[in-house]
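Throughout, read-outs are computed from the coordinates displayed, never taken from laboratory work. Just so it is clear, the model here is predicted, and its values are computed rather than measured. Neighbour counts run over all protein chains shown; Cβ positions are idealised from the backbone, glycine included.
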Amino acid sequence: MDEFFEYYKDGMDSLIIPDFSIQELKDVRQHEKYAKRRKLECVITTVVISLALSVATPAIGYAAYVAHKKLHFTLHGFRVDSSNQSQSDAVVHKYAYNGTELSDEGIDKIPTYIQEDLSTDVTDVQEYTKVSSFDKWEDALELIDFPIAYPKNIQYSELKIVYQSDASFKLVEASYIVDEKELTINYTHFLSEGWDLSSDYNAEIVNQYTYKNKYGYEFGVMECQYEDVNKIIAVAYIKDDVIQLSFSGCDDSAVYEILDEFNLSVYFIS
Amino acid sequence: MADIDEVKIRKYYSKIYKFVYMQVKNREDAQDITQEVFYQYFDKNIVFPDVEREKAWLFTVARNKCKNHWRTCWYRKIFDEMENISEPKDISENEYERKEDAFYVVSCVSKLPYKYREIIHLFYYENMSIEKISKITGKNKSTIQTQLDRGRKLLKKIMIK
């Protein structure tokens, strides 16, 4: 059989390699496909700028409206309502104009209409989450302070890891680019119940089944269609943890091979 | 330095072209896909820690592009090995016979299903280890070993026919 493959080598060595120019290959921007992509990037930039403008215009309008609302002309002059967006600190300054000069009449109590305004925009409490980004798992694992399962042997050309954390919430989101195939991993510590993938992804579920990997862990697998893109989503629930993998651009067998590599018991020791 | 790069790229180009050609079995498609691989290579401008990883990356990209090619087109064209293999000139009768045998073997391998064909090419032509093929294809090492054995058996059957 080895001799047979020597013949194979001879045959392959005789294969005619078409001429090509390295300079042409390097000059990717000349290539039709990349020119198209650049066009697409321009279109996306235009759309983003348009969207930004469409958001900014009403915002400026609203700011002008608020300023106008806070400025009140009276028979004796005008007054400006000032507030630092906290109901307890809200004050009203009165100014009087006697025809020649402007005098400060001091702080007034908060009129009812301002109290109504304040009640709508002060109550929201902004929650701040610490967010860190990494390009390598090694760097991410130094900071991630809880056990995490991830496929170690994927050959990827790009990896982006985002780690978000605060007192009650932890989320690791990793995106792999495996050439044309994109694999996304979402990992969270608190969403174990009521996790509704179909509404989360706004996707139409085409097929749904379970897959038990070689370590005996069961994944709920859904074949979904999301904006004309076929995705395979696999979810494993372990205690309060959820691991979700979203695959696009690869076939079932590739999905199973990756799922098989998850030995979750290694990561979730009670 | 540019010359070293050029030599390296030319070597890779030939390897990738041959690999792709054995997968798509069509000269034009193989040329297009190989060019795509190298457009991506230059576009992404990835710095690889060593030559082996660079080679593995190129083969992985080429493999994925072949798969995409099958998904998107009904490419089934007849493999004409004589058209794409250089004609032997001024060679002895023995050498000519060996070349003919070589063409025959290439055509036999090309009749294998894709999953066996790519592994046999990487193993026997590129002299890659099972581990390296496993990294490129994303398959388990045991799967590669099984597919290699099955590929060889199937090849025997094709030759007997």
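A few comments on the model shown:
- Neighbourhood charge, 10 Å Cβ-Cβ cut-off, centred on B:K135 and excluding it, Lys, Arg +1 and Asp, Glu -1: +2
- Ranked list, fewest to most other Cβ atoms within 10 Å of each Cβ, for A:M12, B:M159: B:M159, A:M12
- Summing +1 for each Lys or Arg and -1 for each Asp or Glu among the other residues whose beta-carbon sits under 12 angstrom from that of B:I120 gives +4.
- A:I22, A:I161 arranged by Cβ crowding within 10 Å, fewest neighbours leading: A:I22, A:I161
- Charge tally in the Cβ shell below 9 Å around B:F19, where Lys, Arg are +1 and Asp, Glu are -1, B:F19 excluded: +1
- The mean number of partner chain beta-carbon atoms within 10 angstrom of a residue's beta-carbon across peptide B:52-60 is 1.
- Modelled this way, with points 7 Å down the Cα-to-C-beta line, the labels at B:V47 and A:S50 are 4.0 nm from one another.
- FRET efficiency for the pair B:Y114 and A:I22, taken as 1/(1 + (r/R0)^6) with r the Cβ-Cβ distance and R0 = 41 Å, rounds to 0.90.
- The simple Förster model, with R0 at 30 Å and r as the Cβ-Cβ distance, assigns B:Y104 and B:Q145 a FRET efficiency of 0.65.
- Cβ-Cβ FRET estimate between A:I205 and B:I158, R0 fixed at 45 Å, reported to 0.05: 0.60
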